Amino acid sequence: MPETRPPAPVIDTTAAPKTPASVPAPAAPRVARAHPALVMLGIVLASLNMRAALAGVSPLMGEIGGYFHLAAATSSLVTTIPLIFMGLGSIVAPRLARRWGTEAVLCGALVLLAGGILLRVAPPLVALFVGCALVGTAIALLNVLMPGLVKRDFPDRAASMTALYSTTLILGATGAAASSVPLENALGGWRGSLASWALLAAVAAIVWLPQALLARRGATPGVPAPTARRGTAAPVALTRSPLAWQVTLMMGTQSLIAYVCIAWMPTVFTDHGMSRSEAGMVYAFYTLVQMAGSFFVPLIAGRTRDQRPLAVAVVALMAAGVTGLLIAPVAGAWVWATLMGVAQGGLLGLALTLMVLRTRDAHTASRLSGMAQTWGYLLASVGPFAIGAVHQATGDWTLPVALLLVACAALLFLGLGAGRDRKI
């Protein structure tokens, strides 16, 4: 009788891996996150600080320059130095976030901001300029990390969250501009007025501290850089992308106009005969109405695929206001402040929204934000100093204000490029 053999066992090749290559990669460690409501509160408080320390300087420029006996061009360094360091600080922000975590860097930036504000009011002139550098560096970190944070934690509400934080940013600037002179009177001088904004930065840092500690417990800090995988392309070099440069230069040009206005708008009004108190109120109103543009423009941008018509509309509004400021600066001051304010808020909101809409993920949004704010603020830093130098050379404000119309023409060109429905 022939020997019978048991049937060979059936091997299920899908049940167990044969090679190490088929072993599934371990799941990425889960990062501890704070409750969204606490994150939102942190965003609001950080945003309040992103312009207040700068906007509070503008109505006091005359007193600061007079105290230190500074010429107009030298006085503009109080605004120019923060802008330079806002550009330089933007270079390191993504690296710091990858190393220490977004929340920790935001908290540290707010502590640095409070320290810079206090150093800025120390007696020596050098302390004023060093404090300005620290303030600019701290604001750079806040500026760069906010779009990536919004893209990461609120991916389905990116446009509305951008509207929230850009509007809150402007609210902080408005409050600082409107209260700087009353605080000067109440606190005994410009130093007390400027130093008071360190308290707001300290409060925001306290809110971010537990979030930073919570996030550090996870294995993957901040917004992680994408890891290279087989079959996936390496991250694109943003400096080779025309679209990235259009967003960058749009951010820079609108910032240039904004910081020229921060540095010189009240002075333009007073040099044409307006009282100092009224000039401060007009400037505060200009910053107040920016909230309308910064709130509605991102919402509209988020609901459309092509943002070019929106860009044309806000640039036209800005050009109309600048033209009025050139022709009748005092007679129509409130009208020009309205037009320029709504347009300025809209341009800021649109530039910030485009950093999110033109990218596919949170990491690329953070990289684009870093690029846009590095080169953008370095470009913007030229504005206050150049306008002050031109005013000093010509003795009036006609040519300096006319140069803002050239910036509007550049913004129109850049908006038509950056507003296209494209992705980096």
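The values are calculated or read from the model by the stated rules, or taken from the named source; none is laboratory data. All values derive from a computational prediction rather than experimental measurement. Positions of Cβ are backbone-derived with ideal geometry, glycine not excepted, and every protein chain shown enters the neighbour counts. Each accessible area value is taken on the protein alone, full model and side chains, heavy atoms only, with ligands, DNA and RNA left out. Shrake-Rupley method; radii C 1.70, N 1.55, O 1.52, S 1.80 Å.
Local charge sum around F413 (other residues, Cβ-Cβ under 13 Å, Lys/Arg +1, Asp/Glu -1)?
Here the count lands on +2.
Using a probe radius of 1.4 Å on heavy atoms only, what accessible surface per residue do you get for the chain? Whole Å² is fine.
I get 43 Å² per residue for this part.
Where Rh is the Kirkwood radius over the Cα pairs of the stretch 273-381, the temperature 4 °C and the viscosity 1.567 mPa s, what D in µm²/s does Stokes-Einstein return?
Calculated translational D: 86 µm²/s.
To the nearest 10 square angstrom, what accessible area does I262 show with a 1.4 Å probe?
20
Using only the Cα atoms, work out Rg/Rh for the stretch 97-136, with Rh taken as the Kirkwood radius, to two decimals.
Radius of gyration relative to Kirkwood radius: 1.14.
Can you match Cα extents along the principal axes in Å to one of these, (i) 123, 44, 32; (ii) 65, 50, 46; (iii) 67, 44, 41, based on a calculation from the structure here?
Recomputing Cα extents along the principal axes in Å here picks out (i).
Bin by bin, in steps of 10 Å, what percent of the Cα pairs in the stretch 61-147 do you find, going until the bin that has the longest distance?
Percent of pairs per bin, in order: 19, 45, 25, 10, 1.
Would you work out what percent of the accessible area of the chain, with all protein chains in place, is carbon or sulfur (probe 1.4 Å)?
Exposed carbon and sulfur together represent 69 percent of the surface.
Mind giving me the FRET efficiency for M40 and D306? R0 is 22 Å, r the Cβ-Cβ distance, nearest 0.05 is fine.
0.15
Using only the heavy atoms of the protein chains and a 1.4 Å probe, how would L243, L209 rank by accessible area, largest first?
The ranking, largest first, comes out as L209, L243.
For the stretch 340-413 and the stretch 115-154, compute the distance between their C-alpha centroids and round to whole Å.
First find each Cα centre; the distance between them is then 19 Å.
Could you check which residue among L60, L348, L38 shows the biggest mean-square fluctuation in a GNM of the chain with a 10 Å Cα cutoff?
Comparing L60, L348, L38 in the GNM, the peak value goes to L38.
Just read off the accessible area of F413 with the full protein assembly in place, 1.4 Å probe, to the nearest 10 Å².
150
Connecting C-alpha atoms closer than 10 Å in a GNM of the chain, tell me which of P210, P59, P329 has the biggest fluctuation.
Of P210, P59, P329, the Gaussian network model singles out P210 as fluctuating most.
Which whole-number value in Å³ per residue fits the convex hull of the alpha carbons of the stretch 319-424?
Convex hull of Cα atoms, per residue: 96 Å³.
Counting only helical runs of four or more DSSP H residues, what would the 222 nm mean residue ellipticity of the chain come to if each run contributes -39,500 (n - 2.57) and the total is spread over all its residues?
Value at 222 nm, helices only, nearest 500: -25500 deg cm²/dmol.
What's the longest bit of the chain with no exposed trypsin sites (Lys or Arg not before Pro), using DSSP loop states and at most 15 other Cβ atoms within 10 Å as the test?
Answer from the scan: 34-216.
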